[in-house]
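Beneath this line is the structure, given in structure tokens, with notes to follow.
The values are calculated or read from the model by the stated rules, or taken from the named source; none is laboratory data. This is a predicted model, so every value here is computed, not measured. Here the Cβ positions follow ideal geometry from the backbone for every residue, glycine too, while neighbour counts run over all protein chains shown.
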Amino acid sequence: MWLRPQIRSGRSRPPVGIVLLSVFAASLLLLPMGYLLFRATGVESGVWRELWSASTGRILGRSLMLVIGVNACVWLLSLPLAWLVVFSDLPGRRVWTVLVATPLVVPSYIGAFVLIAMYGPRGLLQQWLEPLGVERLPSLYGYPGALIAITLFTYPYLFLGLRSAMLSLDQSWLDAARTLGQSGWKTFANLLLPVLRPALAAGSILVSLYTLSDFGAVALLRYTTFTHAIYLYWQSSLDVSAAALLMLVLVILTLVLMGLEFALRGRARMARAHAGTSRAVTPVRLGRWKYAAWLLLGGTVFMGMGNPIVVSVVWLAKGLAAGSSLQPVWQAAANSLLVSLLAAVTAVLVFAVPTAYLAERYRGLRARLPARAAYIGFGMPGIAVALSLVFFGARHAPWVYQTVYLLILGYMVRFATLAIGPLRTQLSRINPRMEEAGRLLGLSEIRVLGRVTTPVARGGLLTGAALVFLTTMKELPVTLLLAPTGFNTLATRIWSATEEAFYARAAAPTLILLLVSALGIAAIFSGEDV
């Protein structure tokens, strides 16, 4: 048989319509990767020599140096933060958990804009200190600024994983270590570290993926990495072959990291050595150290979420006082809402429903290939996806080039897997006998999918749509390179205003984007016991 159903049903083969739609969806998702490979095969030998030149080595070294530096800073920040909200007797630990996680909603290009506007040589802080004789602050451009910006807005990836791992600890383990005469450091090394190792590894890989593919922060802070170099090469050269090769190298590095993440996630299994309910860890009394804890937590929250709000409000007030109009901002907000809504609906109906149903209801590699294709697109950096579609559209599909349709396709390649994952989880919990009952009543399998399965899986559909909507609202490189001429969104307005140092113009779209993103993460947390 071509495909075997996971759970017995009245059919051994999936409906042809679902298969064709899944194959079509997978083909679209793999289009950028396929085009990159196609362009690489036609590259002249001179371009290959340029790829292995010293300049490429320097770009690779700078990219890896940023990845290593960000990971080191994220470790130093996330470990004490997670320990404080799990193991200490600090009041309001649940509230602190949510507050410490909120920088996750801040896009890196907003973080870079905030750092420049607040702490740059002529930023707000310098203006406030000018009466004290401070004429200029040190420059944030280059490696230090990129390191700070990306660290501040990626540490929640590791913090949330560490917090979850620490919550799984049983007090009896700590009691046993204490009985054996283990000191605090030995307990950490011999007991706590092995429990945290999977979370540390998986979180570090996520941070590395983000850092490697980031475009906005490194571009605004003028630190040349692979993504920034690709963008500059594309802007200054008519020959796209070298840019395609650089993108291919970046994609390979990203896929290697994704492979490590999958392997580590598959091995991360922890269990108690005894049956029964685990004992919650007894909180550690901080005593006088609670003031230092409050300073660390409060300072982190202010730098990650307070700074963007303060800077945006101040610059918005300055802009309104100078007579700036908010009309262009409302149009950009409407455009952002439109394309985000279209992306969410398309991701769910065209990609997620057939792909998730095929992967969950039928066995075999062929049933799962469309879902795995979505992960490849998600792993590709946004600039690689966008430029691949730019090259493809301009040369082979001019009728779709510079249209909203190509922009929506770019979003699908990047974010379709965000809609597929929650729906697969929901489908795995639905009793297939409900679907079998529908078939016994004479409904075709496609009608059963539409009338029985989809309504029951409404929660997974809505969660996936919400994730795609939120990530589309914040996406910069895909929007910047694929949006039709004159089609501005909140992300592109923030980018263009910040690049030209018109911070007042960036303030209003920044506040709107932060508000929408914060509402989204609040909705996610509202369904969890934090």
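Can you report the number of residues in region 106-140 which are hydrophobic (A, V, I, L, M, F, W, C), assigned to a loop (DSSP other than H, G, I, E, B) and within 34 Å of the chain's Cα centre (by Cα)? If you could, list the steps in order and put the result at the bottom.
In the first step, residues of region 106-140 are kept if they are hydrophobic (A, V, I, L, M, F, W, C); the result is 106, 110, 112-118, 124-125, 128-129, 132, 134, 137, 140.
Next, only the ones that are assigned to a loop (DSSP other than H, G, I, E, B) stay: 106, 134, 137, 140.
Applying the additional criterion that residues be within 34 Å of the chain's Cα centre (by Cα) yields 106, 137, 140.
Adding up the residues that qualify gives 3.
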*Could you count how many residues in region 68-113 are surrounded by fewer than 24 Cβ atoms within 10 Å (Cβ to Cβ), among the small types (Gly, Ala, Ser) and modelled with pLDDT of 85 or more?*
2
*Has region 194-202 got at least one residue that is at pLDDT below 85 and of a type in the set (Lys, Arg)?*
yes
_Within region 381-425, considering residues that are surrounded by fewer than 24 Cβ atoms within 10 Å (Cβ to Cβ) and polar (S, T, N, Q), the one farthest from residue 472 (Cα to Cα)_ = 425
*Tally time: how many residues in region 70-113 are more than 29 Å from residue 225 (Cα to Cα) and of a type in the set (S, T, N, Q)?*
2
*Test set (1) at pLDDT 75 or above; (2) aliphatic (A, V, I, L, M); (3) surrounded by 14 or more Cβ atoms within 10 Å (Cβ to Cβ) - residue 268 fails condition number*: (1)
_Cross-chain or 6+ apart pairs with Cβ under 8 Å, region 459-473 first and within 15 Å of residue 519 (Cα to Cα), then of a type in the set (D, E, K, R)_ = 471/414
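If you check 351, 302, which single one turns out to be part of a helix (DSSP H, G or I) and in contact (Cβ under 8 Å) with a residue 40 or more places away in the chain? Give the derivation first.
Working: 302 fails: in contact (Cβ under 8 Å) with a residue 40 or more places away in the chain.
Checking each option against the conditions leaves just 351.
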*Checklist (1) surrounded by 13 or more Cβ atoms within 10 Å (Cβ to Cβ); (2) farther than 24 Å from residue 419 by Cβ; (3) modelled with pLDDT of 65 or more; (4) among the small types (Gly, Ala, Ser) applied to residue 26, failing item*: (2)
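Hey, among 296, 257, 286, which residue is part of a loop (DSSP other than H, G, I, E, B), at pLDDT 65 or above and surrounded by 12 or more Cβ atoms within 10 Å (Cβ to Cβ)?
On the way: 296 fails: part of a loop (DSSP other than H, G, I, E, B); 257 fails: part of a loop (DSSP other than H, G, I, E, B).
Answer to the check: 286.
Before we move on, is residue 359 among the small types (Gly, Ala, Ser), under 30 Å from residue 26 (Cα atoms) and either surrounded by fewer than 16 Cβ atoms within 10 Å (Cβ to Cβ) or out of contact with any Pro (no Cβ under 8 Å at 6 or more places or on another chain) (or both)?
Details: among the small types (Gly, Ala, Ser): yes; under 30 Å from residue 26 (Cα atoms): yes; either surrounded by fewer than 16 Cβ atoms within 10 Å (Cβ to Cβ) or out of contact with any Pro (no Cβ under 8 Å at 6 or more places or on another chain) (or both): no.
Here the answer is no, as residue 359 does not meet what is asked.
So which helices (runs of 4 or more DSSP H) stay within region 449-530 end to end and still have 1 or more residues that are modelled with pLDDT under 85 and crowded, with 24+ Cβ neighbours inside 10 Å?
On the way: elements: 458-474, 477-482, 490-499, 503-526.
Filter on region 449-530 gives 458-474, 503-526.
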